[in-house]
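The values are calculated or read from the model by the stated rules, or taken from the named source; none is laboratory data. None of these values were measured; they are calculated from a predicted model. Neighbour counts run over all protein chains shown; Cβ positions are idealised from the backbone, glycine included.
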Amino acid sequence: MADAPPLQIGLAGFGNVGAGVYKNLVRNRALLKQRTGRDIVVRRIAVRDPAKPRAHALPPDIVTTRLDDLVEDPEIDIVVELIGGTDRALDLVREAIKRDKTVVTGNKALLAEHGLELFALAEAHRTPIYFEAAVAGGIPIIKTVQESLIGNNIQSIHGIINGTSNYILTRMTEAGLSYGEALDEAQQLGYAEADPALDVNGWDAAHKAIILASLSYGCWVKTSDIFVEGIERITGADILFANQLGYVIKLLGVIRLLPGTGSIEVRVQPSLVPRDHILASVKGVYNAILIHGDVVGETLFYGPGAGQDPTSSSVIADIADAAMWEVQAGERNGGFVTHGLYGNPLPVDESVSKYYLRLQVRDEPGVLAQIARTLGDHGIGILSVIQPEEHEEESAPIVLTLHFAAFGVVRAAVGEIASLECVRALPVLMRVESFTA
Ligand code: HSE
(Lines give C-alpha, C1' and ligand atoms only; values in the text may rest on other atoms or scores of the structure.)
Protein backbone atom coordinates (compact mmCIF):
# COMPACT_ATOMS: atom_id res chain seq x y z
CA MET A 1 0.00 0.00 0.00
CA ALA A 2 1.29 3.49 -0.86
CA ASP A 3 2.30 5.69 2.07
CA ALA A 4 -0.58 7.81 3.37
CA PRO A 5 0.00 11.52 2.72
CA PRO A 6 1.29 13.64 5.63
CA LEU A 7 -1.28 14.85 8.13
CA GLN A 8 -1.17 18.65 8.05
CA ILE A 9 -1.80 20.60 11.23
CA GLY A 10 -2.95 24.19 11.62
CA LEU A 11 -1.94 25.21 15.13
CA ALA A 12 -3.79 28.13 16.75
CA GLY A 13 -1.82 29.51 19.69
CA PHE A 14 1.84 29.24 20.65
CA GLY A 15 1.63 29.83 24.38
CA ASN A 16 2.81 27.37 26.98
CA VAL A 17 0.82 24.41 25.61
CA GLY A 18 0.97 25.34 21.90
CA ALA A 19 4.76 25.61 22.01
CA GLY A 20 4.89 22.28 23.86
CA VAL A 21 2.80 20.58 21.20
CA TYR A 22 5.04 21.91 18.42
CA LYS A 23 8.26 21.00 20.25
CA ASN A 24 7.11 17.46 21.08
CA LEU A 25 5.61 16.79 17.63
CA VAL A 26 8.99 17.64 16.13
CA ARG A 27 10.85 15.63 18.76
CA ASN A 28 8.78 12.46 18.34
CA ARG A 29 7.98 12.82 14.64
CA ALA A 30 9.55 9.50 13.60
CA LEU A 31 7.91 7.63 16.48
CA LEU A 32 4.51 9.08 15.66
CA LYS A 33 4.90 8.21 12.00
CA GLN A 34 5.75 4.66 12.86
CA ARG A 35 2.80 4.34 15.20
CA THR A 36 0.11 6.15 13.23
CA GLY A 37 1.19 5.49 9.66
CA ARG A 38 1.19 9.24 8.90
CA ASP A 39 3.89 11.85 8.93
CA ILE A 40 2.47 14.61 11.15
CA VAL A 41 3.53 18.07 10.02
CA VAL A 42 2.69 21.50 11.43
CA ARG A 43 1.84 23.50 8.31
CA ARG A 44 0.76 26.82 9.85
CA ILE A 45 0.87 28.47 13.29
CA ALA A 46 -1.47 31.38 14.05
CA VAL A 47 -0.51 33.78 16.84
CA ARG A 48 -1.78 37.18 17.81
CA ASP A 49 1.67 38.79 18.17
CA PRO A 50 4.64 37.12 16.45
CA ALA A 51 7.06 39.63 18.02
CA LYS A 52 6.19 38.66 21.60
CA PRO A 53 9.23 37.26 23.47
CA ARG A 54 8.80 33.50 23.87
CA ALA A 55 10.63 30.70 25.68
CA HIS A 56 10.39 28.55 22.53
CA ALA A 57 11.14 30.32 19.20
CA LEU A 58 8.37 30.43 16.61
CA PRO A 59 9.32 28.85 13.27
CA PRO A 60 9.10 32.11 11.24
CA ASP A 61 8.28 30.65 7.82
CA ILE A 62 4.92 29.18 8.88
CA VAL A 63 3.61 31.92 11.17
CA THR A 64 0.48 33.93 10.46
CA THR A 65 -1.56 36.37 12.50
CA ARG A 66 -4.84 35.34 10.81
CA LEU A 67 -6.80 32.45 12.30
CA ASP A 68 -8.67 32.32 9.01
CA ASP A 69 -5.47 31.16 7.31
CA LEU A 70 -5.89 27.87 9.16
CA VAL A 71 -9.45 27.18 8.12
CA GLU A 72 -9.11 28.55 4.59
CA ASP A 73 -6.13 26.36 3.72
CA PRO A 74 -7.48 23.22 1.99
CA GLU A 75 -4.25 21.36 2.78
CA ILE A 76 -4.83 21.60 6.53
CA ASP A 77 -6.53 18.46 7.88
CA ILE A 78 -6.65 19.29 11.58
CA VAL A 79 -7.11 22.56 13.41
CA VAL A 80 -5.54 22.43 16.87
CA GLU A 81 -7.13 25.17 18.97
CA LEU A 82 -4.94 26.26 21.90
CA ILE A 83 -5.75 29.96 22.10
CA GLY A 84 -8.18 29.59 25.02
CA GLY A 85 -11.13 31.86 25.79
CA THR A 86 -14.55 31.52 24.27
CA ASP A 87 -14.78 34.25 21.61
CA ARG A 88 -12.18 33.82 18.88
CA ALA A 89 -11.84 30.14 19.79
CA LEU A 90 -15.57 29.59 19.25
CA ASP A 91 -15.48 31.23 15.80
CA LEU A 92 -12.40 29.24 14.84
CA VAL A 93 -13.81 25.88 15.92
CA ARG A 94 -17.21 26.52 14.31
CA GLU A 95 -15.55 27.51 11.05
CA ALA A 96 -13.16 24.55 11.08
CA ILE A 97 -16.04 22.09 11.56
CA LYS A 98 -18.07 23.74 8.79
CA ARG A 99 -15.13 23.16 6.49
CA ASP A 100 -14.96 19.52 7.58
CA LYS A 101 -11.66 19.87 9.38
CA THR A 102 -11.02 17.72 12.41
CA VAL A 103 -10.69 19.78 15.60
CA VAL A 104 -8.40 19.15 18.54
CA THR A 105 -8.86 21.48 21.49
CA GLY A 106 -7.77 21.77 25.09
CA ASN A 107 -10.33 24.48 25.78
CA LYS A 108 -12.53 23.39 28.65
CA ALA A 109 -14.39 26.69 28.95
CA LEU A 110 -15.32 26.50 25.27
CA LEU A 111 -16.71 22.97 25.58
CA ALA A 112 -18.43 23.55 28.91
CA GLU A 113 -20.19 26.64 27.58
CA HIS A 114 -20.74 25.69 23.94
CA GLY A 115 -20.39 21.90 23.87
CA LEU A 116 -24.04 21.33 23.02
CA GLU A 117 -23.83 23.50 19.91
CA LEU A 118 -20.34 22.41 18.82
CA PHE A 119 -20.94 18.67 19.09
CA ALA A 120 -24.26 18.98 17.25
CA LEU A 121 -22.43 20.82 14.48
CA ALA A 122 -19.66 18.21 14.50
CA GLU A 123 -22.23 15.42 14.29
CA ALA A 124 -23.96 17.11 11.35
CA HIS A 125 -20.64 17.40 9.51
CA ARG A 126 -19.42 13.93 10.62
CA THR A 127 -16.32 15.77 11.81
CA PRO A 128 -14.74 14.83 15.12
CA ILE A 129 -13.74 17.08 18.00
CA TYR A 130 -11.01 15.65 20.22
CA PHE A 131 -10.48 17.15 23.66
CA GLU A 132 -8.28 14.94 25.84
CA ALA A 133 -6.26 17.95 27.04
CA ALA A 134 -9.36 19.76 28.28
CA VAL A 135 -9.54 17.76 31.52
CA ALA A 136 -6.69 16.94 33.91
CA GLY A 137 -3.72 17.83 31.69
CA GLY A 138 -1.68 14.70 31.01
CA ILE A 139 -4.14 12.15 32.48
CA PRO A 140 -5.98 10.32 29.69
CA ILE A 141 -9.33 10.65 31.42
CA ILE A 142 -11.56 11.54 28.48
CA LYS A 143 -10.74 8.37 26.60
CA THR A 144 -11.10 6.41 29.83
CA VAL A 145 -14.62 7.63 30.52
CA GLN A 146 -15.71 7.51 26.86
CA GLU A 147 -14.22 4.18 25.94
CA SER A 148 -12.74 2.15 28.75
CA LEU A 149 -15.69 2.61 31.14
CA ILE A 150 -18.42 2.51 28.48
CA GLY A 151 -20.01 -0.54 30.09
CA ASN A 152 -20.56 1.19 33.43
CA ASN A 153 -23.18 3.36 34.98
CA ILE A 154 -20.91 5.99 36.53
CA GLN A 155 -22.03 6.26 40.15
CA SER A 156 -19.65 9.02 41.20
CA ILE A 157 -16.53 10.97 40.32
CA HIS A 158 -14.48 12.82 42.93
CA GLY A 159 -11.68 14.77 41.30
CA ILE A 160 -8.79 17.05 42.10
CA ILE A 161 -8.94 18.63 38.67
CA ASN A 162 -7.19 21.97 38.99
CA GLY A 163 -3.42 21.71 39.28
CA THR A 164 -2.89 25.35 40.21
CA SER A 165 -5.19 25.31 43.22
CA ASN A 166 -3.84 21.94 44.34
CA TYR A 167 -0.33 23.38 44.05
CA ILE A 168 -1.33 26.44 46.11
CA LEU A 169 -3.06 24.39 48.83
CA THR A 170 -0.11 22.00 49.00
CA ARG A 171 2.43 24.81 49.38
CA MET A 172 0.27 26.51 52.02
CA THR A 173 -0.01 23.20 53.89
CA GLU A 174 3.55 21.94 53.60
CA ALA A 175 5.68 25.09 53.43
CA GLY A 176 3.42 27.51 55.31
CA LEU A 177 3.35 29.91 52.32
CA SER A 178 0.68 32.55 52.14
CA TYR A 179 -1.97 32.19 49.45
CA GLY A 180 -0.37 35.01 47.41
CA GLU A 181 3.14 33.54 47.58
CA ALA A 182 1.92 30.13 46.49
CA LEU A 183 -0.08 31.62 43.59
CA ASP A 184 3.02 33.51 42.37
CA GLU A 185 4.97 30.27 42.33
CA ALA A 186 2.24 28.44 40.38
CA GLN A 187 2.23 31.21 37.77
CA GLN A 188 6.00 31.16 37.41
CA LEU A 189 5.86 27.40 36.83
CA GLY A 190 3.33 27.84 34.00
CA TYR A 191 0.50 25.93 35.71
CA ALA A 192 -2.02 28.75 36.02
CA GLU A 193 -4.18 29.94 33.15
CA ALA A 194 -3.32 33.32 31.58
CA ASP A 195 -6.01 34.71 33.87
CA PRO A 196 -5.43 32.77 37.12
CA ALA A 197 -8.83 33.91 38.42
CA LEU A 198 -10.41 30.86 36.76
CA ASP A 199 -7.98 28.55 38.54
CA VAL A 200 -8.54 29.92 42.02
CA ASN A 201 -12.25 30.78 41.79
CA GLY A 202 -13.12 27.17 40.96
CA TRP A 203 -14.34 27.73 37.39
CA ASP A 204 -11.49 25.97 35.61
CA ALA A 205 -12.31 22.89 37.69
CA ALA A 206 -16.03 23.50 37.10
CA HIS A 207 -15.60 23.50 33.32
CA LYS A 208 -13.78 20.18 33.62
CA ALA A 209 -16.50 18.81 35.95
CA ILE A 210 -19.13 19.78 33.38
CA ILE A 211 -17.25 17.88 30.68
CA LEU A 212 -16.87 14.79 32.91
CA ALA A 213 -20.53 14.97 33.97
CA SER A 214 -21.62 15.31 30.38
CA LEU A 215 -19.57 12.32 29.27
CA SER A 216 -20.79 10.27 32.20
CA TYR A 217 -24.45 11.20 32.07
CA GLY A 218 -25.05 11.92 28.41
CA CYS A 219 -26.29 15.49 28.50
CA TRP A 220 -24.61 18.90 28.68
CA VAL A 221 -24.97 20.26 32.19
CA LYS A 222 -25.43 24.05 32.16
CA THR A 223 -22.95 26.30 33.94
CA SER A 224 -25.94 27.79 35.77
CA ASP A 225 -26.89 24.36 37.15
CA ILE A 226 -23.73 23.74 39.13
CA PHE A 227 -22.39 25.21 42.33
CA VAL A 228 -18.84 26.54 42.31
CA GLU A 229 -16.62 27.96 45.04
CA GLY A 230 -12.89 28.60 44.87
CA ILE A 231 -10.01 28.60 47.30
CA GLU A 232 -9.51 32.36 47.64
CA ARG A 233 -10.88 32.61 51.18
CA ILE A 234 -8.90 29.71 52.65
CA THR A 235 -6.33 30.84 55.17
CA GLY A 236 -3.40 29.24 56.93
CA ALA A 237 -5.68 28.98 59.98
CA ASP A 238 -8.15 26.77 58.07
CA ILE A 239 -5.31 24.52 56.99
CA LEU A 240 -4.12 24.15 60.60
CA PHE A 241 -7.62 23.50 61.97
CA ALA A 242 -8.31 20.93 59.24
CA ASN A 243 -5.04 19.22 60.16
CA GLN A 244 -6.02 19.19 63.84
CA LEU A 245 -9.30 17.51 62.87
CA GLY A 246 -7.52 14.86 60.79
CA TYR A 247 -8.14 16.31 57.33
CA VAL A 248 -6.45 18.13 54.45
CA ILE A 249 -8.15 20.77 52.32
CA LYS A 250 -8.61 20.03 48.61
CA LEU A 251 -10.57 21.75 45.87
CA LEU A 252 -12.84 18.85 44.88
CA GLY A 253 -15.06 18.41 41.89
CA VAL A 254 -17.91 16.07 42.82
CA ILE A 255 -20.13 14.48 40.19
CA ARG A 256 -22.66 11.94 41.44
CA LEU A 257 -25.71 10.09 40.32
CA LEU A 258 -28.18 10.06 43.18
CA PRO A 259 -29.29 6.46 43.70
CA GLY A 260 -32.90 5.84 42.80
CA THR A 261 -33.61 9.37 41.56
CA GLY A 262 -31.71 9.76 38.29
CA SER A 263 -30.69 13.24 39.51
CA ILE A 264 -27.07 14.24 39.12
CA GLU A 265 -25.07 16.34 41.54
CA VAL A 266 -22.27 18.50 40.09
CA ARG A 267 -20.31 20.87 42.32
CA VAL A 268 -16.84 22.25 42.91
CA GLN A 269 -15.96 23.33 46.44
CA PRO A 270 -13.03 23.39 48.82
CA SER A 271 -13.52 20.27 50.88
CA LEU A 272 -11.97 18.54 53.86
CA VAL A 273 -10.60 15.15 52.83
CA PRO A 274 -9.70 12.60 55.55
CA ARG A 275 -5.91 12.51 55.87
CA ASP A 276 -5.80 8.76 55.22
CA HIS A 277 -7.93 8.95 52.06
CA ILE A 278 -6.01 8.36 48.85
CA LEU A 279 -6.93 11.79 47.43
CA ALA A 280 -5.28 13.45 50.44
CA SER A 281 -1.91 12.28 49.16
CA VAL A 282 -2.33 14.01 45.78
CA LYS A 283 0.02 16.95 46.04
CA GLY A 284 1.41 19.84 44.03
CA VAL A 285 0.27 20.19 40.44
CA TYR A 286 -0.91 16.58 40.35
CA ASN A 287 -4.53 15.78 39.62
CA ALA A 288 -6.42 12.63 40.53
CA ILE A 289 -9.84 11.38 39.56
CA LEU A 290 -11.60 8.71 41.55
CA ILE A 291 -14.38 7.03 39.59
CA HIS A 292 -16.95 4.54 40.85
CA GLY A 293 -18.60 2.50 38.13
CA ASP A 294 -21.28 -0.08 38.81
CA VAL A 295 -19.30 -2.76 36.98
CA VAL A 296 -15.66 -1.82 37.55
CA GLY A 297 -15.97 -0.61 41.16
CA GLU A 298 -13.50 2.05 42.32
CA THR A 299 -10.75 3.24 39.95
CA LEU A 300 -8.20 6.03 40.39
CA PHE A 301 -6.40 8.01 37.70
CA TYR A 302 -3.41 10.11 38.72
CA GLY A 303 -0.97 12.36 36.89
CA PRO A 304 0.17 15.91 36.17
CA GLY A 305 -2.87 18.12 35.75
CA ALA A 306 -1.18 21.10 34.12
CA GLY A 307 2.10 22.15 32.56
CA GLN A 308 3.55 22.29 29.08
CA ASP A 309 4.71 18.74 28.43
CA PRO A 310 1.94 16.78 30.17
CA THR A 311 -0.79 18.80 28.49
CA SER A 312 0.89 18.58 25.10
CA SER A 313 1.08 14.80 25.56
CA SER A 314 -2.73 14.74 25.59
CA VAL A 315 -3.02 17.07 22.59
CA ILE A 316 -0.60 14.89 20.62
CA ALA A 317 -2.57 11.77 21.56
CA ASP A 318 -5.64 13.39 20.01
CA ILE A 319 -3.74 14.32 16.86
CA ALA A 320 -2.45 10.75 16.59
CA ASP A 321 -5.95 9.39 17.14
CA ALA A 322 -7.25 11.59 14.36
CA ALA A 323 -4.43 10.42 12.10
CA MET A 324 -5.23 6.77 12.75
CA TRP A 325 -8.98 7.17 12.32
CA GLU A 326 -8.50 8.75 8.96
CA VAL A 327 -6.08 6.10 7.77
CA GLN A 328 -7.67 3.00 9.19
CA ALA A 329 -11.37 3.55 9.38
CA GLY A 330 -12.40 6.33 7.06
CA GLU A 331 -15.33 6.54 9.51
CA ARG A 332 -15.62 9.48 11.84
CA ASN A 333 -16.54 9.48 15.47
CA GLY A 334 -18.15 12.80 16.45
CA GLY A 335 -16.41 12.85 19.83
CA PHE A 336 -19.43 13.02 22.11
CA VAL A 337 -22.68 11.17 21.76
CA THR A 338 -25.66 12.50 23.67
CA HIS A 339 -27.50 9.59 25.21
CA GLY A 340 -29.65 11.43 27.74
CA LEU A 341 -30.15 8.41 30.00
CA TYR A 342 -30.13 10.39 33.20
CA GLY A 343 -32.21 13.11 34.75
CA ASN A 344 -31.85 16.64 35.95
CA PRO A 345 -29.04 18.29 37.88
CA LEU A 346 -29.73 18.26 41.62
CA PRO A 347 -30.21 21.77 43.07
CA VAL A 348 -27.13 22.32 45.26
CA ASP A 349 -29.29 23.22 48.26
CA GLU A 350 -30.54 19.61 48.28
CA SER A 351 -27.06 18.07 48.29
CA VAL A 352 -26.13 16.52 51.62
CA SER A 353 -22.75 16.31 53.36
CA LYS A 354 -20.95 17.05 56.60
CA TYR A 355 -19.40 20.53 57.01
CA TYR A 356 -16.55 22.56 58.48
CA LEU A 357 -17.49 26.01 59.78
CA ARG A 358 -14.97 28.59 61.00
CA LEU A 359 -16.24 31.66 62.80
CA GLN A 360 -14.47 34.66 64.24
CA VAL A 361 -16.46 35.73 67.32
CA ARG A 362 -16.37 38.11 70.26
CA ASP A 363 -14.81 36.38 73.22
CA GLU A 364 -17.64 36.66 75.77
CA PRO A 365 -20.04 34.37 77.64
CA GLY A 366 -23.04 32.97 75.77
CA VAL A 367 -21.57 33.18 72.26
CA LEU A 368 -21.19 29.44 71.77
CA ALA A 369 -24.72 28.94 73.12
CA GLN A 370 -26.16 31.36 70.52
CA ILE A 371 -24.38 29.57 67.70
CA ALA A 372 -25.42 26.14 68.93
CA ARG A 373 -29.02 27.31 69.32
CA THR A 374 -29.17 28.64 65.76
CA LEU A 375 -27.79 25.38 64.39
CA GLY A 376 -30.18 23.39 66.58
CA ASP A 377 -33.16 25.47 65.42
CA HIS A 378 -32.33 24.39 61.86
CA GLY A 379 -32.03 20.75 62.89
CA ILE A 380 -28.25 20.67 62.32
CA GLY A 381 -26.19 18.47 64.64
CA ILE A 382 -22.72 19.51 65.84
CA LEU A 383 -19.99 16.88 65.49
CA SER A 384 -17.11 18.74 67.14
CA VAL A 385 -16.04 22.15 68.42
CA ILE A 386 -12.57 23.68 68.74
CA GLN A 387 -11.76 26.97 70.38
CA PRO A 388 -8.05 27.47 70.94
CA GLU A 389 -7.22 28.88 74.34
CA GLU A 390 -4.66 31.25 72.87
CA HIS A 391 -6.13 33.93 70.66
CA GLU A 392 -6.44 37.72 70.27
CA GLU A 393 -7.74 39.55 73.28
CA GLU A 394 -11.32 40.24 72.20
CA SER A 395 -11.83 38.03 69.21
CA ALA A 396 -11.58 34.26 69.03
CA PRO A 397 -11.95 31.64 66.33
CA ILE A 398 -14.46 28.85 66.80
CA VAL A 399 -14.35 25.88 64.48
CA LEU A 400 -17.25 23.46 64.29
CA THR A 401 -17.82 20.36 62.26
CA LEU A 402 -21.45 19.71 61.46
CA HIS A 403 -23.37 16.50 60.89
CA PHE A 404 -24.90 15.47 57.55
CA ALA A 405 -27.37 18.13 56.44
CA ALA A 406 -28.71 19.63 53.23
CA PHE A 407 -26.54 22.49 51.95
CA GLY A 408 -29.55 24.84 51.72
CA VAL A 409 -30.37 24.32 55.41
CA VAL A 410 -26.74 24.88 56.42
CA ARG A 411 -26.47 27.99 54.24
CA ALA A 412 -29.59 29.44 55.88
CA ALA A 413 -28.26 28.70 59.38
CA VAL A 414 -24.82 30.12 58.60
CA GLY A 415 -26.48 33.23 57.15
CA GLU A 416 -28.27 33.74 60.48
CA ILE A 417 -25.09 33.09 62.44
CA ALA A 418 -23.22 35.62 60.28
CA SER A 419 -25.70 38.29 61.29
CA LEU A 420 -25.36 37.67 65.04
CA GLU A 421 -23.79 40.61 66.84
CA CYS A 422 -21.08 38.44 68.31
CA VAL A 423 -19.81 37.27 64.90
CA ARG A 424 -17.01 39.52 63.64
CA ALA A 425 -16.11 38.24 60.18
CA LEU A 426 -17.66 36.40 57.27
CA PRO A 427 -17.92 32.69 58.21
CA VAL A 428 -15.87 30.13 56.26
CA LEU A 429 -17.95 27.09 55.32
CA MET A 430 -16.49 24.01 53.61
CA ARG A 431 -17.70 20.49 52.87
CA VAL A 432 -16.33 17.54 54.80
CA GLU A 433 -16.28 14.85 52.13
CA SER A 434 -17.28 11.30 52.96
CA PHE A 435 -16.84 9.81 49.45
CA THR A 436 -20.10 7.94 49.24
CA ALA A 437 -20.40 6.55 45.71
N1 HSE B 1 -4.55 25.87 34.76
C2 HSE B 1 -5.05 24.52 34.77
C3 HSE B 1 -4.72 23.88 36.09
C4 HSE B 1 -4.44 23.66 33.72
O5 HSE B 1 -4.05 24.48 36.90
O6 HSE B 1 -5.18 22.77 36.32
C7 HSE B 1 -5.29 23.61 32.51
O8 HSE B 1 -6.60 23.34 32.80
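For this structure, a couple of remarks:
- Checking residue 339 against (1) within 16 Å of the ligand (Cβ to nearest atom); (2) modelled with pLDDT under 95, the condition it does not meet: (1)
- Helices (runs of 4 or more DSSP H) contained in the range 190-256 and holding at least 2 residues of a type in the set (A, V, I, L, M, F, W, C) and more than 16 Å from the ligand (Cβ to nearest atom): 203-217, 236-245
- Residue in the range 95-117 that is under 19 Å from residue 48 (Cβ atoms), among the charged types (D, E, K, R) and assigned by TED's automatic domain parsing to the domain that holds residue 22 present: yes
- The residue that is surrounded by the fewest Cβ atoms within 10 Å (Cβ to Cβ), among those in the range 2-16 that are among the aliphatic types (A, V, I, L, M) and in contact (Cβ under 8 Å) with a residue 12 or more places away in the chain, is 4.
- Taking the criterion of being in contact with a helix residue (DSSP H, G or I) (Cβ under 6 Å, 6 or more places away or on another chain), under 21 Å from residue 9 (Cβ atoms) and either of a type in the set (A, V, I, L, M, F, W, C) or part of a helix (DSSP H, G or I) (or both), the residues of the range 132-149 that qualify are 132, 133, 134, 142.
- All helices (runs of 4 or more DSSP H) inside the range 7-78 with 1 or more residues being modelled with pLDDT under 95: 16-27, 29-36
- Restricting 106, 37 to residues that are touching a residue at least 24 places away in the same chain (Cβ under 8 Å) and under 29 Å from the mean Cα position of the chain (by Cα) narrows the list to 106.
- Any hit, the range 411-418, residues being in contact (Cβ under 8 Å) with a residue 12 or more places away in the chain, under 30 Å from residue 156 (Cβ atoms) and out of contact with any strand residue (DSSP E or B) (no Cβ under 8 Å at 6 or more places or on another chain): yes
- Some residue of the range 234-255 being surrounded by fewer than 19 Cβ atoms within 10 Å (Cβ to Cβ) and among the charged types (D, E, K, R): no
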